[in-house]
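Notes for the one structure printed next.
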């Protein structure tokens, strides 16, 4: 199959500005800045095995592969259509030897892969609890945004089982759930170690939080300086432009 044949009707090919491309269907859930920031915040050492839980169309493993070429990446996605699209993006970028996409349920991740089988787990999970803020959006978007198929507890519990001792957990989430996030992480023996708040503008409250945890780590957290997304409407800050690999 030729590369162009990997792109189906209604799909588009997005340039990730790092040498790789991503296939997306604008009618379904498309990645946002939270996935980009998660891949930027996470750290991968040479040879480490990395699992991205709820990988969607595979954006985080592909971004991580560009930053840390010597990592070994797996994406887990419950929606068959999204997982299949992610596999086509992997094939388009000729990364089949570096990234594996598995179709499966986050709640069964440790059974699928085995306990203590990864050095790093990343996740951009659904932010909204139950039906909070639920609209008439399509199912793919609902699953990505709302805890309909897995909860925060499910995500953290499985991450703890999947990580080896002192393995690292990276998550992007909403600040309004920080107390719950820390409580759940600590209960499942993932100690919060690093946190960065993301503000849309310098004078607005944060709307994203990036968190790093350590399986079995000691209790000590570093709060990094906040990240500001926009200088003014439609104009990214220099730091965001650098993360995206763009110039002003």
| request: Test residue 236 against the criterion of being at negative phi and free of Cβ contacts under 8 Å to residues at least 12 places away in the same chain, and give yes or no. | output: yes
| For the stretch 201-225, which residues satisfy the criterion of being in a loop (DSSP other than H, G, I, E, B), surrounded by fewer than 19 Cβ atoms within 10 Å (Cβ to Cβ) and more than 19 Å from the chain's Cα centre (by Cα)? | 201, 202, 203, 204, 205, 216, 218, 219, 220, 221, 224, 225
| task | Could you check how many residues of the stretch 160-188 are touching a helix residue (DSSP H, G or I) at 6+ places or on another chain (Cβ under 8 Å) and under 24 Å from residue 104 (Cα atoms)? | result | 11
| field | Elements of type strands (runs of 3 or more DSSP E) contained in the stretch 1-107, each with 1 or more residues being at pLDDT 95 or above and under 29 Å from residue 196 (Cα atoms) | value | 21-24, 49-53, 72-77, 99-103
| said: So, in the stretch 17-48, how many residues would count as being touching a strand residue (DSSP E or B) at 6+ places or on another chain (Cβ under 8 Å) and under 13 Å from residue 93 (Cα atoms)? | reply: 3
| remark: The lone condition residue 14 fails out of (1) under 23 Å from residue 117 (Cα atoms); (2) touching a strand residue (DSSP E or B) at 6+ places or on another chain (Cβ under 8 Å) is (1)
| said: Whether any residue in the stretch 173-181 is over 15 Å from the mean Cα position of the chain (by Cα), crowded, with 19+ Cβ neighbours inside 10 Å, modelled with pLDDT of 95 or more and within 16 Å of residue 54 (Cβ to Cβ) is what I want to check. | reply: yes
| query | From the list 115, 136, which one is surrounded by fewer than 17 Cβ atoms within 10 Å (Cβ to Cβ), modelled with pLDDT under 95 and either in a loop (DSSP other than H, G, I, E, B) or touching a helix residue (DSSP H, G or I) at 6+ places or on another chain (Cβ under 7 Å) (or both)? | reply | 136
| field | Failed item, numbered, when residue 32 is tested on (1) more than 17 Å from residue 244 (Cα to Cα); (2) free of Cβ contacts under 8 Å to residues at least 12 places away in the same chain | value | (1)
| So residue 10 fits all but one of (1) out of contact with any helix residue (DSSP H, G or I) (no Cβ under 7 Å at 6 or more places or on another chain); (2) under 16 Å from residue 91 (Cα atoms); what number is the exception? | (2)
| note | Given the conditions (1) under 23 Å from residue 158 (Cβ atoms); (2) touching a helix residue (DSSP H, G or I) at 6+ places or on another chain (Cβ under 9 Å), every one holds for residue 83 apart from (2)
| said: Out of the residues in the stretch 226-248 meeting the condition of being in a loop (DSSP other than H, G, I, E, B) and closer than 30 Å to residue 166 by Cα, tell me which one is farthest from the chain's Cα centre (by Cα). | reply: 226
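The values are calculated or read from the model by the stated rules, or taken from the named source; none is laboratory data. These numbers come from a predicted model, not from an experiment. So basically every Cβ, Gly included, is an ideal-geometry build from the backbone, and we count neighbours across all protein chains shown.
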